[in-house]
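Reading through the structure tokens given below for one structure.
The values are calculated or read from the model by the stated rules, or taken from the named source; none is laboratory data. Just so we're clear, the structure is a prediction, and the values are computed from it rather than from any experiment. Cβ atoms come from the backbone with ideal geometry, glycine included; neighbour counts cover every protein chain shown. Areas reflect the complete protein model, heavy atoms only, side chains present, ligands, DNA and RNA absent. Shrake-Rupley method; radii C 1.70, N 1.55, O 1.52, S 1.80 Å.
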Amino acid sequence: MTTEPRVKDIMRDDFGSILPGATVHEAVEKLYVPDKNRDETGVLETQSLIVVDEDGNLEGLVTMFDILRTVVPPYLREAEHLTGISWEGLFEDAVHQAENRVVKDIMTPWRDVLTVAPDDRVMKVLELIVSEHVLRLPVCEERRVVGVVRLRDVFHEVGREMLRLKRSRE
């Protein structure tokens, strides 16, 4: 029997982060990387950024969804129907209005962010990912972010264990 894996065994210490005072435009720059196979189309490196202060303490999480929600004008979110809306130029105007907003104003605050500790068992992460539908979790010691564990890291560990078990039975 092998030792049950811990978060510290599968976490990554290279994770996307941003300061709370950064603009939405800066967040988009960190999330959007050029696709070498296309001219202006970008590919996603990660779907969220961990918001940290200057000391690396967790302040929150900003996701692609948070950014997209910021682009939608409030009057569209509150409209029961969209009759009479002039769509011409709306997209560009809304994007430009959103880009100078501050990350702190659109992020999920740290108290509402699910986190794990380096010594937590991988099974805890697996349960959180499945039950809460999250793609990655900040790994914290107290509030200091020391890494991130992603859905693909957990999936890799599950696959590795399945293959190990199959080989041990043969």
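Among residues of the stretch 118-137 that are closer than 12 Å to PHE155 by Cα and free of Cβ contacts under 8 Å to residues at least 40 places away in the same chain, those with a beta-carbon under 6 Å from a residue that is open to solvent by 30 Å² or more (accessible area, probe 1.4 Å) and hydrophobic (A, V, I, L, M, F, W, C) at least six positions away or on a different chain give the pairs ILE129/LEU151.
For the stretch 3-37, give me the residue count where each residue is assigned to a loop (DSSP other than H, G, I, E, B), open to solvent by less than 40 Å² (accessible area, probe 1.4 Å), at pLDDT 95 or above and not small (Gly, Ala, Ser). Selection size over the stretch 3-37: 1. Among the residues of the stretch 127-153, the ones that are at pLDDT below 95, out of contact with any strand residue (DSSP E or B) (no Cβ under 8 Å at 6 or more places or on another chain) and not charged (D, E, K, R) come to 2 in all. Could you look through the stretch 108-152, keep only residues that are open to solvent by less than 20 Å² (accessible area, probe 1.4 Å) and part of a helix (DSSP H, G or I), and pick out the one that is nearest to ASN57 (Cα to Cα)? This residue is VAL125.
When each of ASP105, ASP93, ASP55 is tested for being farther than 30 Å from GLU4 by Cβ, exposed (fewer than 13 other Cβ atoms within 10 Å of the Cβ), out of contact with any strand residue (DSSP E or B) (no Cβ under 9 Å at 6 or more places or on another chain) and modelled with pLDDT of 95 or more, the lone residue that passes is ASP105. Any chance the stretch 153-160 includes a residue that's buried (at least 17 other Cβ atoms within 10 Å of the Cβ) and in a loop (DSSP other than H, G, I, E, B)? No, the stretch 153-160 contains no residue that is buried (at least 17 other Cβ atoms within 10 Å of the Cβ) and in a loop (DSSP other than H, G, I, E, B).
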